[in-house]
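Below is one structure, written out as structure tokens; comments come after it.
No value in this document is a laboratory result; all are computed from the given coordinates. On a predicted model such as this, the values are computed, not experimentally measured, just so you know. Glycine gets a Cβ as well: all are built from the backbone with ideal geometry, and neighbour counts include every protein chain shown.
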Amino acid sequence: MPLINKSSYKNPPLYQFNGHLQTIFPGMFRKIGLEYERERLELSDGDFVDLDWLDNKSRKLILLSHGLEGNSHRHYVKGMAKMFVENGWDALAWNCRSCSGEMNRHLRLYHHGEISDFAEVIAHALRTKNYEQIVLVGFSMGGNITMKYLGVHGKEVPTQVKKAVAFSSPTDLKSGSALLDAPSNRMYKKRFLKKLSKKLEIKAEQFPNNIDLSKLKDVKIWRDFDEFYSAPLCGFKNADEFYEQASARNFISGITIPTLLVNAQNDPILTPECSPVNICEKHSFLHLEMPRQGGHVGFQLRNKSYMWSELRALEFCT
């Protein structure tokens, strides 16, 4: 499809004058009052993920996927759920393994390319609620998972899955991991490493013979973490194989439903490679929108309680 060259997102709040502020402020100050109904989904391998529902008695469902070390209670997930529920949809926000507040059972956690759990969540939603229409919306890592799932399964995606939207998605993990090492991104890197290291400590107690925590002191760049931990724990031989197999851009040629990828040009932790212009220009279903502003999962509007991303997703999906 032709690239969407003129995005409708143009005016973030005046005090959010760069990508970092547009990234940080919504997460710090935005509060969404929603109460989910939680369900535990037992997975085929004996592990579990927790699902958070908003049941509107609808035949239409929005299925939401969070970002790295996020969860269903992040403001961007709850805000999107609220927007769709107010417009007559059901909403389901799923939590990746270990992200719902309780550590998962198995050694493996989750990663940017994990689509088998996602497929089980979709199948469960269809089996239990008999939806006529499902749209998939993912943020950051969740957007990458969404697009990889669609690309890998292609025409085998359930017919009820009609459209998808991905915001701020690192579709090229190798370049994205290198960008996290930039001095300007030190705070993001430190936050991610702190949260992931804490999970590794819990895993080491569960599986004392499988995790060597001493290597944490040798993590100097983000690639080191992926080489020492992400790759082996998720079944990859090294970081390069992990990046290749988990990056959605390597699979999106197989997408067969209308899909919108929105990556802001001033996103501090995405590289140009994460917005694959050359692929999207020739793709029949993949739309690429690159607003000049927005940061990473930002897109706040002046004097509004909702985000531009929520309006944009609803517009694209309906």
Can you tell me which of 179, 150, 233, 213 is out of contact with any Phe, Trp or Tyr (no Cβ under 7 Å at 6 or more places or on another chain), hydrophobic (A, V, I, L, M, F, W, C) and over 26 Å from residue 74 (Cβ atoms)?
213
Would you check if there is a residue in the range 129-152 being without any contact (Cβ under 8 Å) to a residue 60 or more places away in the chain and surrounded by fewer than 23 Cβ atoms within 10 Å (Cβ to Cβ)?
no
Subset of the range 62-97 [part of a loop (DSSP other than H, G, I, E, B) and more than 15 Å from the chain's Cα centre (by Cα)]:
86, 87, 88, 89
Is there any pair linking a residue in the range 17-32 that is in contact (Cβ under 8 Å) with a residue 40 or more places away in the chain to one that is assigned to a helix (DSSP H, G or I), with Cβ under 7 Å and at least six apart or on different chains, and which?
26/75; 27/75; 30/75; 32/75; 32/78; 32/79; 32/82
Hand me the list of helices (runs of 4 or more DSSP H) wholly inside the range 227-318 holding 3 or more residues that are of a type in the set (A, V, I, L, M).
308-317
Pair list, Cβ < 6 Å and 6+ apart or interchain, from the range 94-105 residues that are under 17 Å from residue 230 (Cα atoms) to residues that are aromatic (Phe, Trp, Tyr) and assigned to a loop (DSSP other than H, G, I, E, B)
96/110; 97/110
Does residue 90 satisfy the condition of being in contact (Cβ under 8 Å) with a residue 40 or more places away in the chain, of a type in the set (D, E, K, R) and either crowded, with 17+ Cβ neighbours inside 10 Å or within 17 Å of residue 160 (Cβ to Cβ) (or both)?
yes
